[in-house]
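These notes are about the structure you will find just below.
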Amino acid sequence: MMKEKTKLRPSGCPITFGLDIFGDRWSLLIIREIMLRGHKTYSEFLEAEEGIATNILVDRLKHLEAEGIINKARDPENRRSFLYTLTKKGFDLAPIILEIVIWSGAHDARDFALRDVLGKIEKDRKGFEASLRTAKNV
C-alpha cells in the first residue's frame, strides 16, 4: 500500500492547514456553487456572478480535486465534459460554509444574495445541513 504524501506545512496550526486546503476566495466559491446552488459543470462555475477567470478556475478545480474536496467524473450525457461533486471531505465543510453565510448575513448591509439560504439555516440549521448531504448522497 502506497503511503500518502503529506505536504510540509510551516506550522501545526489548524487554521493554516484549513486555509491551505480550502481557504482562498475562489475555492470557497466553487464549494459554495456545488453545495448551495447545485452547480456541477465548468461552465456553471464560470457563470457565477463573481466572474472567475478560466485559468484560475482550472487551477482551483485541480487543487480541490488533489486535496480530496471534490470528485471529477465524465458527464454520462456528454462524454466531452466533466461533472464536479463534493466528496465527504468536501461536505464536511458545510458547517464552515453555513457559518460564513450566517456571519455575512449579520454584518453585510448590502443586498444579501443568499438570503433564502440564511432563512433556511435560521429556521432549522441541523435539518438544512442534513438536507445538503442527503440531496447529494454523501
In order over the stretch 66-77: 3J(HN,Hα) from phi, Karplus 6.51/-1.76/1.60, θ = phi - 60°, whole Hz, x for each Gly or Pro, gives 4, 7, x, 8, 10, 10, 10, 9, 4, 6, x, 8
Lys/Arg Cβ at +1, Asp/Glu Cβ at -1, dipole of the chain taken about the Cα centre: which of P76, S27, A94 is farthest positive-ward? P76
Say R0 is 22 Å: what FRET efficiency, to the nearest 0.05, do K89 and E49 get from their beta-carbon distance? 0.25
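Exposed loop GluC sites (Glu not before Pro) only (DSSP loop, at most 16 other Cβ atoms within 10 Å): please give the longest stretch of the chain free of them, not including the sites.
Values: sites that count: E4, E47, E49, E50, E67, E77.
No qualifying site falls inside 78-138, the longest such stretch.
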Skipping prolines and chain starts, which residues have an amide H placed within reach, meaning under 5 Å, of the one on T87, given they are 5 or more residues away or on another chain? I70, N71
Largest-first principal axis extents of the Cα set of the chain (Å): 46, 44, 30
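Taking the Cα centre as origin and putting +1 on Lys and Arg beta-carbons and -1 on Asp and Glu beta-carbons, what dipole magnitude results for the chain, to the nearest 20 debye?
Numbers: 24 positive and 21 negative charges, 119 e Å.
Here the size comes out at about 580 debye.
Each value in this text was obtained by applying a stated rule to the coordinates, not by laboratory testing. Being a predicted model, the structure only gives us computed values, none of them experimental. Note: ideal-geometry Cβ built from the backbone for every residue, glycine included; neighbour counts use all protein chains shown.
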